[in-house]
Every structure is written in C-alpha cells, then in structure tokens.
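The values are calculated or read from the model by the stated rules, or taken from the named source; none is laboratory data. Not measured: the values here are computed from a predicted model. Cβ placement follows ideal geometry from the backbone for every residue including glycine, while neighbour counts extend to all protein chains displayed. Side chains are part of the model used for accessible areas, which takes the heavy atoms of the whole protein and leaves out ligands, DNA and RNA. Shrake-Rupley method; radii C 1.70, N 1.55, O 1.52, S 1.80 Å.
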Amino acid sequence: MHSADCQSKMVKIKGGTYVPLYGRDSLQVTIADFQMDVYPVTNKEFIEFVKANPKWQRSQVKKLFADKNYLKDWRSDTELGDRQALKAPVTNVSWFAAKDYCECQGKRLPTIDEWEYVAMSNETVPDARTLKSYNKFILSWYEKPKTFNNEIGSTFENYWHVYDLHGLVWEWTLDFNSVLVSGESRKDVDNDTNLFCGSAAVGATDLMNYAAFMRYAIRGSLKAKYAMKNLGFRCVRDIIE
C-alpha cells in the first residue's frame with residue numbers, strides 16, 4: 001500500500017494552543033511547531049536498528065531497560081516470528097528502547113501534549129473531539145483485538161497527513177508517566193460504566209472524555225521497561241529555526 005522508502009517520512013505540524021482533557025486543570029497548553037513521523041516505526045525498521053545496535057537485541061538487552069516481554073514473539077534477535085509482518089508497527093518494545101531508537105535517528109519521542117494535539121484531528125479538521133462519530137470510532141478500536149499486526153497506513157490519514165494514531169497500536173510518549181489521573185479529574189467520567197450499556201443517551205463530550213481517560217489510564221499504568229503486544233511508538237523532531 002505504501003512504499004518502504006516513505007515509512008520514515010515526516011510532516012510538519014503547525015503548533016497552536018489546546019486544552020488537554022485529563023491530568024491538567026484544563027489549562028491551555030501551547031505547542032510549538034514540530035515534525036512528526038507519518039507512520040509508527042515498523043518491525044522492518046526496528047530489525048535494522050537492533051542489527052546496528054546489538055545492545056537492544058533480545059538476548060543482549062539489560063533487564064533494567066526491558067522486561068521479559070521485550071520482542072518476545074521474534075524468532076531470534078534479528079528475525080520476526082511467523083505471523084509478524086515487516087510493515088506492521090513494532091510492538092513489545094520498552095520506553096527505553098523506543099527513546100534510544102528515536103535519538104539514533106536524530107529525533108525524539110513526542111510529548112503527551114504533542115501526541116494528543118495531533119491525535120485530536122480527523123480527516124478534515126484539526127480538532128474533531130466534539131464529534132460523536134469520531135469518538136465512537138476511537139472507542140470501537142479500543143475494543144478490537146489484534147490490530148497491532150495490521151500494516152502501517154491501514155487507518156485514515158488525518159488533517160496533518162499523519163496515519164495510525166488511532167486504530168493500530170497504543171504509542172509511547174516521552175513523558176508518559178508525568179500525568180496522573182486525580183480523583184478530581186475522574187469526576188468527568190463518573191458515568192463511564194453506563195457508556196456501553198445503552199442505558200442513556202451518551203453525548204460526544206462523554207465519549208471524548210472516556211477515550212482520553214482510557215489513554216491516560218493506560219499511560220499511568222506503564223513503567224519504562226514494560227513491553228506490550230499492542231504498544232508501539234513513532235518519533236518527532238524539533239524544528240530549529
């Protein structure tokens with residue numbers, strides 16, 4: 001679907017101001033212009049990385065930097081398992097490995113705010129968070145199994161020309177563990193247990209809050225050495241004027 005040479009392609013994200021949904025006191029956050037990878041990092045790209053950096057091979061990696069799930073479905077240090085696709089996003093990688101991968105490319109992991117800022121767009125508008133259909137799409141993906149082995153580019157192209165922020169894998173962020181969901185912010189989703197029960201009409205804001213809460217809850221439960229089957233990453237780069 002997409003040629004291999006464009007897998008590392010980046011696009012410019014024009015910065016702006018937005019209000020995060022969780023973990024802050026609804027203060028506006030200003031994002032500077034930056035570049036973001038169009039696609040998540042693939043198995044193929046990560047194989048090349050571990051070949052060039054043996055310390056990140058499964059048999060060599062230090063336990064401090066990756067748990068026992070690190071690249072666990074690979075056949076060997078440099079070969080994928082039978083059911084893994086080269087153009088699928090790499091998963092079962094720790095935050096340490098993802099961070100080092102990006103730095104080796106002259107890039108870095110996105111901050112939570114950068115990731116959320118880009119991920120709030122649909123195909124046509126930069127902030128689609130108030131659209132019920134968009135939030136339903138995101139939540140329906142959260143319930144789908146095994147999307148992690150789909151190829152990059154298999155979801156929609158968003159307003160910024162970025163693919164796969166929703167619908168493929170969860171993604172590491174640089175400061176994933178800096179946001180704790182407090183009891184205060186939890187009040188917005190007190191009705192989350194009713195969301196899928198059809199017991200009440202659910203508005204777009206409820207769905208949006210629930211989707212964001214899910215992301216922050218997942219991030220808050222991670223540790224940097226964890227490796228999960230549905231957790232991958234992509235890189236960003238600062239724009240130096």
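Here is how the numbers come out for the structure above:
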read-out: Residue in the range 154-170 that is out of contact with any Ser or Thr (no Cβ under 8 Å at 6 or more places or on another chain) and on the phi > 0 side of the Ramachandran plot present; value: yes
read-out: Some residue of the range 68-79 being open to solvent by less than 40 Å² (accessible area, probe 1.4 Å) and of a type in the set (Asp, Glu); value: yes
read-out: Pairs, first in contact (Cβ under 8 Å) with a residue 12 or more places away in the chain in the range 123-143, second hydrophobic (A, V, I, L, M, F, W, C) and not in a helix (DSSP H, G or I), C-beta under 6 Å, six or more apart; value: 123/156; 127/120; 129/120; 134/128
read-out: From 103, 114, 123, residue being crowded, with 16+ Cβ neighbours inside 10 Å and of a type outside the set (Val, Ile, Thr); value: 114
read-out: Unmet criterion (only one of (1) buried (at least 18 other Cβ atoms within 10 Å of the Cβ); (2) within 21 Å of residue 88 (Cβ to Cβ); (3) within 14 Å of the chain's Cα centre (by Cα)) for residue 167; value: (1)
read-out: Condition check for residue 113: out of contact with any strand residue (DSSP E or B) (no Cβ under 8 Å at 6 or more places or on another chain), closer than 24 Å to residue 167 by Cα and of a type in the set (D, E, K, R); value: no
read-out: Pairs with Cβ under 8 Å, 6+ apart, first in the range 61-81 and under 15 Å from residue 93 (Cβ atoms), second hydroxyl-bearing (Ser, Thr, Tyr) and surrounded by fewer than 10 Cβ atoms within 10 Å (Cβ to Cβ); value: 77/59
read-out: Any chance residue 151 is touching a Pro at 6+ places or on another chain (Cβ under 9 Å) and part of a helix (DSSP H, G or I); value: no
read-out: Cβ pairs under 6 Å, 6+ apart, first in the range 220-233 and crowded, with 17+ Cβ neighbours inside 10 Å, second of a type in the set (D, E, K, R) and assigned to a loop (DSSP other than H, G, I, E, B); value: 225/67; 226/67; 227/67
